[in-house]
Amino acid sequence: MAQISILGCGWLGLPLAKQLIAKGHTVKGSTTSPEKIAVLQKAAIKPYVITLHENNIEGDSKGFLQDSNILIIDIPPGLRKGSSESFVAKINTLIPIMATSRITKVLFISSTSVYGAVNGIVTEGTIPNPETESGKQLLEVEAILQSNTNFKTTIIRFGGLIGDDRNPVKYLAGKKDISNPSAPVNLIHRDDCIGIIMKIIEKNVWGDVFNAVTPHHPTRQEYYTEKAKEKNLPIPLFSREEVSITKVIIADRVKQVLEYNFINTNL
């Protein structure tokens with residue numbers, strides 16, 4: 001069993017750490033909130049309070065990486081919050097620390113936003129063309145990590161993340177003139193995110209790239225109307241005047257290479 005460091009024990013990282021520990025791995029986990037230390041300790045995670053900045057790292061980053069050979073990077077760019085700090089620069093502050101550690105394998109949690117608003121079928125062979133600042137910086141970080149010869153990096157490009165307590169319909173409920181009514185949804189449940197990560201570690205698949213999106217693609221209007229009814233929320237109203245994007249993310253390599261079967265096929 002391995003010792004694994006997870007940078008970012010949040011909505012995805014915390015339950016992932018619990019699964020890894022249940023499988024016999026030891027886990028070091030980071031948080032930016034000191035008040036969350038007790039939560040990590042209760043889960044048998046060795047906690048570290050670490051915050052990345054453009055020019056420095058707050059916290060014991062060397063101790064966090066010490067004796068681990070796998071690092072999972074699961075921190076969002078945070079650019080939607082209006083932060084002026086560069087996500088690329090933040091990751092670059094971590095690279096020299098990684099170079100002096102025993103890390104030989106890196107798993108970077110990225111996003112299908114790196115592909116941009118393309119139409120048609122999207123596979124791992126599709127050339128990324130990000131439009132958002134977040135997507136652009138995620139793609140740059142992917143390249144930085146993959147080009148480093150000190151470790152092998154596998155990239156997972158997740159679709160929209162949902163879970164029992166998280167669904168975009170909460171933010172769309174009752175809104176009007178929502179764009180792209182006929183666009184296919186490209187979502188994935190947290191349980192499948194964790195399952196795919198576990199498979200990568202179990203099968204020792206490094207130096208690769210995977211799209212990770214559930215093979216269930218109803219239109220935005222169909223999906224969010226149904227979810228609003230299920231949750232007794234006001235039904236969102238979509239605009240019919242705008243032409244919808246037809247991007248469908250395909251995750252066949254998850255099935256073929258990792259032999260992974262999705263748990264939540266009907267979201």
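The values are calculated or read from the model by the stated rules, or taken from the named source; none is laboratory data. This structure is a prediction, so every number in the text was calculated from the model and none was measured. Don't worry about glycine lacking a Cβ; one is built from the backbone with ideal geometry, like all the others, and counts go over all protein chains shown.
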Suppose we filter region 35-77 for residues that are in contact (Cβ under 8 Å) with a residue 40 or more places away in the chain and more than 23 Å from the chain's Cα centre (by Cα); how many remain?
1
Can you find a residue in region 8-19 that is exposed (fewer than 13 other Cβ atoms within 10 Å of the Cβ) and either under 22 Å from residue 91 (Cβ atoms) or within 21 Å of the chain's Cα centre (by Cα) (or both)?
no
From (1) closer than 22 Å to residue 150 by Cα; (2) surrounded by fewer than 13 Cβ atoms within 10 Å (Cβ to Cβ); (3) not basic (Lys, Arg), pick out the condition that doesn't hold for residue 72.
(2)
What pairs come up if the first residue lies in region 228-239 and is farther than 11 Å from residue 170 by Cβ, the second is at pLDDT below 95 and assigned to a helix (DSSP H, G or I), and their beta carbons are under 6 Å apart, counting only those six or more places apart or on different chains?
235/225; 235/228; 238/221
Any residue at all in region 106-118 that's under 23 Å from residue 195 (Cβ atoms) and either charged (D, E, K, R) or over 18 Å from the mean Cα position of the chain (by Cα) (or both)?
no
Among the residues of region 219-235, which ones are among the charged types (D, E, K, R) and either part of a helix (DSSP H, G or I) or surrounded by 16 or more Cβ atoms within 10 Å (Cβ to Cβ) (or both)?
220, 222, 226, 227, 229, 230
Cβ-Cβ below 6 Å, separation at least six or inter-chain, first residue in region 83-98 and of a type outside the set (D, E, K, R), second surrounded by 14 or more Cβ atoms within 10 Å (Cβ to Cβ) and in a helix (DSSP H, G or I): which pairs?
87/137; 88/137; 88/140; 88/141; 91/141; 97/61
Scan region 27-69 for residues that are of a type in the set (Ser, Thr, Tyr), under 22 Å from residue 146 (Cα atoms) and surrounded by fewer than 15 Cβ atoms within 10 Å (Cβ to Cβ) and jot them down.
none
Among (1) in a loop (DSSP other than H, G, I, E, B); (2) within 30 Å of residue 98 (Cβ to Cβ), where does residue 161 come up short?
(1)
Answer yes if at least one residue in region 173-187 is among the acidic types (Asp, Glu) and under 19 Å from residue 262 (Cβ atoms), and no otherwise.
no
